[in-house]
1. Give all pairs with beta carbons closer than 7 Å in which a residue from segment 118-139 that is free of Cβ contacts under 8 Å to residues at least 60 places away in the same chain meets a residue that is basic (K, R); count only pairs at least 6 apart in sequence or on separate chains.
2. In segment 54-75, how many are out of contact with any Pro (no Cβ under 6 Å at 6 or more places or on another chain) and either open to solvent by 10 Å² or more (accessible area, probe 1.4 Å) or in a strand (DSSP E or B) (or both)?
3. The conditions are (1) buried (at least 22 other Cβ atoms within 10 Å of the Cβ); (2) away from the ligand (no atom under 16 Å from the Cβ); (3) not in a helix (DSSP H, G or I), and W25 fails exactly one of them. Which is it?
4. Are any residues in segment 166-198 in contact with a His (Cβ under 9 Å, 6 or more places away or on another chain), outside any helix (DSSP H, G or I), more than 19 Å from N101 (Cα to Cα) and modelled with pLDDT of 95 or more, and if so, which ones?
5. Return yes when A147 is small (G, A, S), farther than 14 Å from V177 by Cα, open to solvent by 20 Å² or more (accessible area, probe 1.4 Å) and without any contact (Cβ under 8 Å) to a residue 24 or more places away in the chain and no when it is not.
6. Right, G245: part of a helix (DSSP H, G or I), of a type outside the set (D, E, K, R) and either away from the ligand (no atom under 16 Å from the Cβ) or buried (at least 17 other Cβ atoms within 10 Å of the Cβ) (or both) or not?
7. Any idea how many residues of segment 293-311 are open to solvent by 20 Å² or more (accessible area, probe 1.4 Å), at negative phi and in a loop (DSSP other than H, G, I, E, B)?
8. Given (1) touching a Pro at 6+ places or on another chain (Cβ under 8 Å); (2) surrounded by fewer than 21 Cβ atoms within 10 Å (Cβ to Cβ), where does V210 come up short, assuming only one miss?
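The values are calculated or read from the model by the stated rules, or taken from the named source; none is laboratory data. Computed from a predicted structure; not experimentally measured. All Cβ positions, glycine included, derive from the backbone under ideal geometry; neighbour counts span all protein chains shown. With ligands, DNA and RNA removed, areas are computed over all heavy atoms of the protein, side chains included. Shrake-Rupley method; radii C 1.70, N 1.55, O 1.52, S 1.80 Å.
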Amino acid sequence: MNERAPQSLPAVHPEPGLPARVRIWEVGPRDGLQNEAGFVPTPAKAAFVRRLLDAGLPVVEATSLVHPRWVPQLADAEDLLAGLRDDLGERARDLPVLVPNERGLERALALGARHLAVFGSATETFARRNLNRGLDEQYAMFAPVVARATDAGCRVRAYLSMCFGDPWEGAVPLAQVVEAGLRLLDLGAEELSLGDTIGVATPGHVTALVAAFGDAGVGPDRLALHLHDTYGQALAGVLAGLRAGVSTFDTSAGGLGGCPYARSATGNLATEDLVWMLTGLGVEHGVDLDALVATSAWMAGALGRPSPSAVVRALAPGHEAGQEAGPEVGSGADGG
Ligand code: MG
């Protein structure tokens, strides 16, 4: 057999009717790293964010201002944001940051952040487990956060977890998800990210949920899809979302993050896998795939595990051996 260089980009065959351009919302530094076992040192996190921006990703969610006891992997959020501010200047203020409550909001505003995200649940059980609050109490907690943030001139996104299934409650009715999403949007969030936290969504389910929001007056321009690849369904769900007019998708470079609620190495859809598909469909995304793969290979080498991304594995075989020296990663933090 001849050795062949792998094809580094797919042939382009556009599908009529899809959005011309997609906004990729990169969650690797936050959602990815918070669910990895090791603690990535602050300078390496900053380098990761910088490399993702340099690869052309338009939105890079930087970190989370939850209590360090909840998410020890991101306990350095303040130092990271201050360092990014020194490095990137004003641009750093637009990197989205998660805030759980008013205390987190105050920390974010003190750091100059102007793009924030709150995170709610579509199910009672997960709201109690993740937020220690029932559904009604979660809206009461977020209401002053969103109001104060928008008054301060910040943009606010709302995440909604367990939109397609819940590990304790099982199937989640479409109407229940729509009601929870409407309540978060009514607080003043500009967009709603629909999370498939356990990765069980199939394409028809995505189509049905986007349509249900449409029936309730929320168009696809206000929705993002945050799909997990736990069952290998994420890209199929993205395609269903594209066909329904959704043009914002949350992904994690290299598929970082695993799945916190299933014993699987595969959680967040990998940004590379999305970029490959969008490129082939002729949908604009603005990302340099080679630069992105190199960044994920560097981080995988540091974390000491191969990337779960099929595209990273295809384009950078053996990357976990670390051809490029990665950051040093500690093992002190407990898993998230
Ligand atoms: Mg995720």
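1. Matching pairs, first to second residue: A127/R133; G134/R128; Y139/R183.
2. From segment 54-75, those out of contact with any Pro (no Cβ under 6 Å at 6 or more places or on another chain) are 54-60, 63-65, 67-74; that's our starting set.
Still in the running and either open to solvent by 10 Å² or more (accessible area, probe 1.4 Å) or in a strand (DSSP E or B) (or both): 54, 56, 58-60, 63-64, 67-72.
The number of residues fulfilling the criteria is 13.
3. (2)
4. Within segment 166-198, L194, G195, D196 qualify.
5. In short, no.
6. no
7. 3
8. (2)
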